[in-house]
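Asks: Below is a structure I'd like to ask you about.
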Amino acid sequence: MTWNKRGIARMWKKAYRKLKFEYYKVLRMKGAPAFVARGFSLGIFIEFITLPTFGIAFLLLFPLCKLFRASIPAGLVAFVIGKLILPLFILFNYNIGYVLIGKPLQGHLNHHESGMPWLVWVKEKGLVYFTGSAIMGLIVAFASYFLVLTGLQLYRRKKLRRSLPEESPPP
């Protein structure tokens with residue numbers, strides 16, 4: 001399959017429209033800004049650690065949202081947005097983990113299963129990637145909390161100002 005310029009442009013346009021749609025969903029969510037921002041940051045963090053946990057994110061998202069008293073819909077929206085931005089961080093996550101851990105489990109990899117090369121890769125690189133993903137996920141989640149909190153507060157102030165009638169000067 002060959003990619004032409006129109007196909008790539010269409011793909012980026014779809015991704016942009018999806019991000020914009022998810023952005024508007026977050027802005028219009030009900031609840032206090034801190035409640036929504038907590039849910040969003042939890043969703044981003046869980047998306048960052050999802051790949052090495054092989055898809056148990058939904059099992060983590062709901063109890064963590066309840067534990068931290070966060071918005072579950074905001075967490076789900078962040079989970080979707082995380083799927084769009086995570087490919088930008090994959091190599092960076094691995095490099096962070098490699099700097100912190102190095103080459104783990106080298107002594108335990110004496111046997112190589114011929115039928116499962118992906119299992120050998122997970123044994124060699126999984127802990128390194130998971131560590132880098134968890135650290136980068138914490139950083140991005142922390143930053144997203146304050147971005148969403150500030151954005152929601154500004155949006156709601158602006159919306160409140162538009163909804164209030166303007167005072168006319170006394171005659």
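The values are calculated or read from the model by the stated rules, or taken from the named source; none is laboratory data. Being a predicted model, the structure only gives us computed values, none of them experimental. With ideal geometry, Cβ positions are generated from the backbone for all residues, glycine too; neighbour counts draw on all protein chains shown. Accessible surface is based on the protein model in full, side chains and every heavy atom, while ligands, DNA and RNA are left aside. Shrake-Rupley method; radii C 1.70, N 1.55, O 1.52, S 1.80 Å.
Asks: Restricting to DSSP loop positions (anything but H, G, I, E, B) with no more than 13 other Cβ atoms inside 10 Å of their own Cβ, which trypsin sites (Lys or Arg not before Pro) remain in region 1-38?
Replies: Arg28, Lys30
Asks: Let me ask something additional. Counting other Cβ atoms within 10 Å, keep those with at most 13, restrict to DSSP loop, and tell me which trypsin sites (Lys or Arg not before Pro) in region 54-91 are left.
Replies: Arg69
Asks: Follow-up question, since we're still on this one. Please tell me which of these pairs span more than 29 angstrom C-alpha to C-alpha: Lys66/Lys123; Lys83/Lys125; Lys5/Lys125; Lys66/Lys125; Lys18/Lys158?
Replies: On the way: Lys66/Lys123 33 Å; Lys83/Lys125 21 Å; Lys5/Lys125 35 Å; Lys66/Lys125 32 Å; Lys18/Lys158 24 Å.
Check vs 29 Å cut-off fails for Lys66/Lys123; Lys5/Lys125; Lys66/Lys125.
Asks: I've got another one for you. Compute, for Val77, the solvent-accessible surface of its heavy atoms (probe 1.4 Å) with the complete set of protein chains present, and express it in square angstrom to the nearest 10.
Replies: 10 Å²
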